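Trainee: Right, I'll just put the structure down here and ask away after.
The values are calculated or read from the model by the stated rules, or taken from the named source; none is laboratory data. Keep in mind that this is a model prediction, so the values were computed, not measured. When we count neighbours, we look across all protein chains shown, and the Cβ atoms used for this are built from the backbone with ideal geometry, even at glycine.
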């Protein structure tokens, strides 16, 4: 092989490359589009699971909204504290300390506890069951247990156990998909650090609630008397005020409806995570 | 007066067993007043009525106890004299929760209040008649309960030229409309004349299935000599679901209601025979709509018959008036077995739209295990709306509501033909019933969001 | 004329790029989840394959062929030259699209870089040379190959959309069932074998 082959080869390839690159360079100059590089940076910081908890179609949409519309940076629940910190650093926006929240089903009426008033043999979907005269349970508020929330959970953190939906707090990423899926509206976000919950949503009067379910809030106000800061009443239903910690753990023992439950204690005893 | 046959065969239809013989030959019987009446405020489509009585008030028969809460809403009147003993929230036969007024009947008090009768209705302005129909609380009695005064006041860009009186009663078991036509032909004819006057229409079709020869004959007689009105009795073959308004328009007039449209888009108004009678009563006698004929039927009802009962009568009262049950009930359906709603208990009370009460025993109720779709396409043939039920139900099952919407799920009339013919026992219509409200809600929210911007 | 029609039938059905030649499998599996994105991909492939056929034909016949401008046999440079030319050409088009037609770029743009040096694109360029097509035949072949790709992708996406709704057993979910489906689809296309050569 003589040297001219190498020179011609190099020349031809080099020539083609030169033509191409100069065309690209010209194009880059003439067709340049202004784009904020920060959007891409922020998108990389977000978890990228496109769960929609922030209210946008996906992580890239949210990143774009932060940069272009000045959207708050604390809307990514699955990202948690780390993402918040990174976003805060990148955008310079100040934020409060991140508190992890998880979904919780405010009902403990499983098949053993709650009464049913009719047989339901339609499709296994909570909305369908709820459409028919408010569900097959005697209690008009409790978990129907047909698993609509479990089906929308992107991380399989919800289990249907004995006709009751249970959110596993350590698996929950806080995307809130289940909240929208519940026709009863009994799933809400609670701080992950809080261990004592009111597991009842029945606004019925005490005797009616008690008749419908063995673990129901009967509106006796004992919890409010014991710990005013952490509990309030909404009609006949005790509501846990998560702004304050429970100072008097005796509420769990004293609750006559057995609907105030300490989650951590049950976990230690090896019981199911719902109670 | 002419007699015609259906212009064409219904596209997509089924032939269930009808069991109409249980009640079709028996006269309508008036029921004695029950002790308590449970009047739901959501007896019609649209905003529930607002109660204007309080607990402890005494009311007189015919008195308005709840006023209409908007244009698409109608008031509710007391069917009996008595006392309001409670106002609470309870499920309606259609499964939604709504406020209801509980009345305790006072058998001593036989007083009745009516609105002034209008024997001279054909000299009064149409608006006055419409106002009266609204005040009398008349809503479609075929099943959906659409407020009648709204149906009879179409927007000026949608002129109406045809009225169709729906006497098809294609649902199995039910014979309430059948008996009404046989026994109240004259009153229905009066209602037709009033409707023609209000809408300024000359063409009327009365659509009746050919399994009711007696009704066809009485309606022919009743429609003789209606001056200025071109009335036609249209005899339809016995097929389900030709009582659905879009189907009925297609086979009587040949007009096709466009997707997402209403009968008025093709110049038609469809009214149930019961509604027509209620219109006549409201105008000529000034009586508000407080009672209706309900078919109480089923093989285990001792004495199945058509009962003229005050609205708000519980199903338990209706059943015991018909002699009770000979075997335990496994399923109770309000309305016909195809489109009616299964009821959670007999404590639910009738409304203006309760056309029937079907009580089924264990051996007639099947609990199906849904199997995978085998792609046989029978639901496509059965669907009267030309939809693809199999594909839509797939999409709903997979949670892909956008896809379901793009497959025109909102055109589904929930007739249940698809689920009826499915060899895999798939809950097709159940899926559509589940998804439709969600899609409508989503559309409304999207429209609201657009409006807010 | 008949030749061109046979060329199109052959490239679309008989020797389908994806299902018979097994070229362009990556986008075939990658963007077949949603019909919207699949259609975007089809548009991008149609454009890139057609124009790449034209460009590479010109480069081959004017620079690399012994009868070209240079006059030396440089055909051994075919692969590297083609990659170079196609990559920069697609980049160029993407830049131009982004500026002039942002709408079209939003729907096609993200797919363009994905397929710059895809095997389907290289395949069409190399086949043009191997089969000694004329310029017009090469362009038609590129277009037809892309049509075949689009046909396969659209059929496959339709199937996958349905499969996604049907809850296959867990072990089969995702790519596993997709590959089985692709295999069956390929078998189906075997039915066209030997119809046209």
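Trainee: Which members of the stretch B:210-224 meet the condition of being out of contact with any strand residue (DSSP E or B) (no Cβ under 6 Å at 6 or more places or on another chain) and in contact (Cβ under 8 Å) with a residue 12 or more places away in the chain?
Mentor: B:211, B:212, B:214, B:218, B:221, B:222, B:224
Trainee: Only residues that are over 16 Å from the mean Cα position of the chain (by Cα) and closer than 16 Å to residue B:159 by Cα: list them for the stretch B:264-284, please.
Mentor: Result: B:264, B:265, B:266, B:267, B:268.
Trainee: Specify the residue that is nearest to the chain's Cα centre (by Cα); the eligible residues are those in the stretch A:11-48 that are assigned to a loop (DSSP other than H, G, I, E, B) and closer than 23 Å to residue C:93 by Cα.
Mentor: Across the stretch A:11-48, the extreme among qualifying residues is A:36.
Trainee: For the stretch C:79-106, what are the residues that are in a helix (DSSP H, G or I), more than 7 Å from chain A (Cβ to nearest Cβ) and surrounded by fewer than 18 Cβ atoms within 10 Å (Cβ to Cβ)?
Mentor: If the condition is that a residue be in a helix (DSSP H, G or I), more than 7 Å from chain A (Cβ to nearest Cβ) and surrounded by fewer than 18 Cβ atoms within 10 Å (Cβ to Cβ), then C:79, C:83, C:87, C:100, C:102, C:103, C:104, C:106 are the ones that fit.
Trainee: State whether the residues of the stretch A:24-47 include one that is free of Cβ contacts under 8 Å to residues at least 40 places away in the same chain, surrounded by 12 or more Cβ atoms within 10 Å (Cβ to Cβ) and under 30 Å from residue C:73 (Cβ atoms).
Mentor: Yes: one or more hits.
Trainee: Can you tell me which condition residue B:367 does not meet? The list is (1) at pLDDT 85 or above; (2) farther than 30 Å from residue B:8 by Cβ; (3) part of a loop (DSSP other than H, G, I, E, B), and all the others hold.
Mentor: Failed condition: (1).
Trainee: Report the residue count in the stretch C:31-69 for those that are without any contact (Cβ under 8 Å) to a residue 12 or more places away in the chain and surrounded by fewer than 16 Cβ atoms within 10 Å (Cβ to Cβ).
Mentor: Looking only at that region, the number is 5.
Trainee: Oh, and also: Helices (runs of 4 or more DSSP H) wholly in the stretch C:1-66 with at least 2 residues that are at pLDDT below 85 and under 28 Å from residue C:196 (Cα atoms) - which ones?
Mentor: Where helices (runs of 4 or more DSSP H) fall fully within the stretch C:1-66 and carry at least 2 residues being at pLDDT below 85 and under 28 Å from residue C:196 (Cα atoms), they are C:25-30, C:35-59.
Trainee: Within the stretch B:237-352, considering only helices (runs of 4 or more DSSP H) that don't extend past its boundaries, which have at least 3 residues that are at negative phi and in contact with a helix residue (DSSP H, G or I) (Cβ under 6 Å, 6 or more places away or on another chain)?
Mentor: Here the list reads B:273-280.
Trainee: Identify, by number, the condition in (1) more than 22 Å from residue C:91 (Cβ to Cβ); (2) in contact with a helix residue (DSSP H, G or I) (Cβ under 6 Å, 6 or more places away or on another chain) that residue A:75 doesn't meet.
Mentor: Status for residue A:75: all satisfied but (2).
Matching residues to (1) in contact (Cβ under 8 Å) with a residue 60 or more places away in the chain; (2) more than 12 Å from every other protein chain (Cβ to nearest Cβ); (3) in a helix (DSSP H, G or I):
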residue: B:371; (1), (2), (3): no, yes, no
residue: B:374; (1), (2), (3): no, yes, no
residue: B:386; (1), (2), (3): yes, yes, no
residue: B:392; (1), (2), (3): no, no, yes
residue: B:402; (1), (2), (3): no, no, yes
residue: B:418; (1), (2), (3): no, yes, yes
residue: B:437; (1), (2), (3): no, no, yes
residue: B:442; (1), (2), (3): no, no, yes
residue: B:445; (1), (2), (3): no, no, yes
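Trainee: Continuing with this model, one more query. State yes or no: is residue B:157 without any contact (Cβ under 8 Å) to a residue 12 or more places away in the chain and either crowded, with 24+ Cβ neighbours inside 10 Å or on the phi < 0 side of the Ramachandran plot (or both)?
Mentor: yes
Trainee: Restricting the search to the stretch C:67-78, which residues are assigned to a helix (DSSP H, G or I) and either touching a strand residue (DSSP E or B) at 6+ places or on another chain (Cβ under 6 Å) or more than 8 Å from every other protein chain (Cβ to nearest Cβ) (or both)?
Mentor: If the condition is that a residue be assigned to a helix (DSSP H, G or I) and either touching a strand residue (DSSP E or B) at 6+ places or on another chain (Cβ under 6 Å) or more than 8 Å from every other protein chain (Cβ to nearest Cβ) (or both), then C:75, C:76, C:78 are the ones that fit.
Trainee: Quick check: anything in the stretch C:7-26 crowded, with 21+ Cβ neighbours inside 10 Å and at positive phi?
Mentor: yes
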